[in-house]
1. Could you list all residues from the range 160-206 that are within 26 Å of residue 84 (Cβ to Cβ), in a strand (DSSP E or B) and of a type in the set (A, V, I, L, M, F, W, C)?
2. Restricting the search to the range 287-329, which residues are under 21 Å from residue 28 (Cα atoms), surrounded by fewer than 19 Cβ atoms within 10 Å (Cβ to Cβ) and polar (S, T, N, Q)?
3. Failed condition for residue 71, given (1) among the hydroxyl-bearing types (Ser, Thr, Tyr); (2) over 29 Å from residue 274 (Cα atoms); (3) within 16 Å of ligand 2 (Cβ to nearest atom), with all others met?
4. Of all helices (runs of 4 or more DSSP H) completely enclosed by the range 296-365, which ones contain at least 3 residues that are within 30 Å of residue 266 (Cβ to Cβ) and not β-branched (Val, Ile, Thr)?
5. Kindly list the number of the only condition in (1) crowded, with 22+ Cβ neighbours inside 10 Å; (2) small (Gly, Ala, Ser); (3) at pLDDT below 95 that fails for residue 212.
6. Just for the range 160-193: of the residues that are away from ligand 3 (no atom under 14 Å from the Cβ) and charged (D, E, K, R), which one is farthest from residue 241 (Cα to Cα)?
7. So is residue 170 within 16 Å of ligand 4 (Cβ to nearest atom) and under 24 Å from residue 187 (Cβ atoms) or not?
Amino acid sequence: QWTGLNELREKYLSFFESKGHLRLKSFPLIPQNDKSLLLINSGMAPMKKYFTGEITPPSKRVTTCQKCIRTPDIERVGKTARHGTYFEMLGNFSFGDYFKHEATAWAWEFCTKVLKLPVDRIWVSIYEDDDQAFDIWTKEVGVSPDRIVRLGKEDNFWEHGTGPCGPCSELYFDRGEEYGCGSPTCGVGCDCDRYVEFWNLVFTQFDSDGKGNYTPLDHPNIDTGMGLERLACIMQGVHNLFEVDTVQNIMKHVSRIANVHYGDSEKTDVSLRVITDHIRSTVFMIGDGVMPSNEGRGYVLRRLLRRAARHGRLLGIHEPFLSEVADTVILENRDAYPELAEKSVLIKKLILVEETSFGKTIDQGLAMLDTAVENLSGDTLSGEDAFKLYDTYGFPLDLTMDILEEKGLKVDEETFDRLMKEQRERARASRKAATAEAWAGTRSVLADCPATVFTGYEGTETTGKVL
Ligand code: ATP
Ligand code: MG
Ligand code: MG
Ligand code: MG
């Protein structure tokens, strides 16, 4: 049954409230007091200290809808039906309270009773050695044994170095043959878009010493994650997560500006989806205080904006347009995330500044790249050319690689990295010299400082600062 994204979020959170969970609002995308992670990538990530017991959680049962950024998925965005660099993750968590029995029973109840998903389209995966999960799913929940697939450690065991870890169990939805890859071995776990993983239940029941010893925890935990857009995609019967109601409105805005009709060609559709994704992630990142810079989170932001701008060029857009689309992102999300509305002026201004400055060099850079490709003898662009694109035209390496990949070409990354390193060393040396001179009173250090674009914004990340 068709259900809007906002309604699905509310259904999930209130369902788990009815099961004794405390609803918390999404944590910011910038990890707080956690240097191990650049950006929050799951519902569990900002709650690590509740799991380890370092901090006492406000309740032993918590439910959230968490903003997430996953840049490792960037190459898949727009090409698969199910990956975004930005998405919302619904989750229910137990800190040493309930465990497998309740987590599986409630997941099933939510899917089949609340959402009324057809049982014959749902598949379950478990970790190959987790017989307990098999018994619970089949005997307590009543799932047919032939709907349960056992997968190995890579897919279904959650582990991060040492510490708490455990097996997972995932829920998949079969979207039908028309989405399949046609391979005779296609099934749960296949990388195509037929069987879509939509919910992952992690049973944190062991403590690992990193040497292969797994000690059972006295109070095991539950951590689950369900992609809200993926769920909406299933509930709305649309092809991919960019066609979900609220997300589609953003894509339509891009489509209007470009005067390109969604559905006209796979190539322009990919660009429409990539832009839609990247504008979502960048609006949310800036909303949480990330500022464009040349390193860390700020560089992730810059890369996403530049990639989006380049896909705009592919659609024939030659003027800054992303800050305009940001309006629709804010409009579609302001009820759930009021911080976006509060910071809308800053968000739009920052995007416009970034877009305008890249707009000055992007066309020349693309022309240079075209010429370099025409003159290429092998299949590899030289590190020198890639570095020139970076240094003179502001092309992040992954942007260059993305463009080349479309033509089946690659970059000499080793040389690029060496040139980057050399440049950093030169910059460091000249900074030292400049400071020495300034102190000697011959010139002002301020002359080298970039102009300040924004002031008076609280909670903004300063360039390159790692929290
Ligand atoms: P996949 O195998 O499809 O890449 P995953 O196993 O990496 O997903 P998890 O880490 O288990 O995903 O995250 C929990 C849930 O979050 C997934 O079941 C899915 O619904 C959602 N999710 C994960 N990655 C993305 C993404 N890039 N875009 C949208 N939703 C996602
Ligand atoms: Mg993944
Ligand atoms: Mg997976
Ligand atoms: Mg998973």
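The values are calculated or read from the model by the stated rules, or taken from the named source; none is laboratory data. Here the structure is a predicted model, which is why all the values come from computation and not from measurement. Counting neighbours? That spans all protein chains shown, and the Cβs are built from the backbone with ideal geometry, glycine included.
1. 168, 171, 173, 196, 198, 199, 201, 202
2. Answer for the range 287-329, where residues must be under 21 Å from residue 28 (Cα atoms), surrounded by fewer than 19 Cβ atoms within 10 Å (Cβ to Cβ) and polar (S, T, N, Q): just 293.
3. Among (1) among the hydroxyl-bearing types (Ser, Thr, Tyr); (2) over 29 Å from residue 274 (Cα atoms); (3) within 16 Å of ligand 2 (Cβ to nearest atom), the lone unmet condition for residue 71 is (2).
4. Working: elements: 296-314, 322-333, 338-342.
Correct list: 296-314, 322-333.
5. Result: residue 212 passes all but (1).
6. 177
7. Working: within 16 Å of ligand 4 (Cβ to nearest atom): yes; under 24 Å from residue 187 (Cβ atoms): yes.
For residue 170, the condition - within 16 Å of ligand 4 (Cβ to nearest atom) and under 24 Å from residue 187 (Cβ atoms) - is met.
Each row is one residue, and each column tells you yes or no for (1) out of contact with any Cys (no Cβ under 9 Å at 6 or more places or on another chain); (2) more than 15 Å from ligand 4 (Cβ to nearest atom); (3) polar (S, T, N, Q); (4) in the same structural domain as residue 209 (by TED's automatic domain parsing).
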| position | (1), (2), (3), (4) |
| --- | --- |
| 92 | yes, yes, yes, yes |
| 141 | yes, yes, no, yes |
| 152 | yes, no, no, yes |
| 182 | no, yes, no, yes |
